[in-house]
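Colleague: Have a look at this one before I ask anything.
The values are calculated or read from the model by the stated rules, or taken from the named source; none is laboratory data. Only a predicted model underlies this, so the values are computations on that prediction, with no experimental measurement involved. All Cβ positions, even for glycine, are placed from backbone atoms using ideal geometry, and neighbour counts span all protein chains on display.
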Amino acid sequence: MPDRPEELASILEDRAARIKAELAQHFNYTPVQEFLNQFDQLHASHVEALLQGHLVRAHEILNEIHELSFKLQKNEFWARHRHKTPDVKYSLSPEAFQRGHLIEGYVGSEAMEKLVKEKMQARMRAWSQEADEKPLSPHKNASEIYSTIFKIEKLGHSLKICRD
């Protein structure tokens, strides 16, 4: 439903509060509070960057939040493994910990993230075709990403209303 950065910031504040309240219930072998402290700092920086219109910076901070989620999932998996099945050997793909409770709770659905990623990739392809004609502007790319997020949030809100 958001049309402005303030609306997205408000949604992210609500999601961050939910993450802080509920994240620990999904983890038994990892000190979740350490991750929540890092998340609090990154979230505050992310919202500040959005509100100041620094969309590239906001996108970079969102990548850091995604990396934090990755580390949390990975640490929980290996700590549980050491505790419950120390003799079992694993061969995991590099994507094994990409989806996690923290990032899912913060950016929303996997479909939204996929759509934003596809939009970004399409724009990058268009930029590479235009590279000989004019310099690239990463700000336009980040602006389009957040514009897409606003549209998807609006669609998601509409769908929720229809379901209720």
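Colleague: Consider only pairs whose beta carbons are under 8 Å apart and that are at least six residues apart or on different chains; among these, list those whose first residue lies in region 14-28 and is over 14 Å from Leu72 (Cα atoms) and whose second residue is in a loop (DSSP other than H, G, I, E, B) and modelled with pLDDT under 90.
Modeller: That search, which allows pairs on different chains as well, returns Arg15/Gly108.
Colleague: Test Ser45 against the stated conditions and say whether it is small (Gly, Ala, Ser), free of Cβ contacts under 8 Å to residues at least 60 places away in the same chain, out of contact with any Gly (no Cβ under 8 Å at 6 or more places or on another chain) and surrounded by 16 or more Cβ atoms within 10 Å (Cβ to Cβ).
Modeller: On the way: small (Gly, Ala, Ser): yes; free of Cβ contacts under 8 Å to residues at least 60 places away in the same chain: yes; out of contact with any Gly (no Cβ under 8 Å at 6 or more places or on another chain): yes; surrounded by 16 or more Cβ atoms within 10 Å (Cβ to Cβ): yes.
In short, yes.
Colleague: Cβ-Cβ below 9 Å, separation at least six or inter-chain, first residue in region 52-65 and farther than 17 Å from Glu7 by Cβ, second of a type in the set (Phe, Trp, Tyr) and surrounded by 14 or more Cβ atoms within 10 Å (Cβ to Cβ): which pairs?
Modeller: Partner pairs satisfying both residue conditions: His59/Tyr146; Ile65/Phe39; Ile65/Tyr106.
Colleague: Of the numbered conditions (1) farther than 19 Å from Pro5 by Cα; (2) at pLDDT below 70, Glu113 satisfies every one except a single condition; which is it?
Modeller: Only one criterion is unmet by Glu113, namely (1).
Colleague: Determine which single condition Asn28 fails, assuming it passes every other condition in (1) at pLDDT 85 or above; (2) part of a helix (DSSP H, G or I).
Modeller: (2) is the only condition that Asn28 fails.
Colleague: Continuing with this model, one more query. State all residues of region 10-30 that are under 14 Å from Asp40 (Cα atoms) and crowded, with 18+ Cβ neighbours inside 10 Å; if no residue qualifies, say none.
Modeller: Residues satisfying the conditions are Leu12, Ala16, Ile19, Leu23.
Colleague: Residues to consider are Leu68, Leu72; find the one that is in contact (Cβ under 8 Å) with a residue 24 or more places away in the chain, under 13 Å from Tyr106 (Cα atoms) and in a helix (DSSP H, G or I).
Modeller: So the residue among Leu68, Leu72 that is in contact (Cβ under 8 Å) with a residue 24 or more places away in the chain, under 13 Å from Tyr106 (Cα atoms) and in a helix (DSSP H, G or I) is Leu68.
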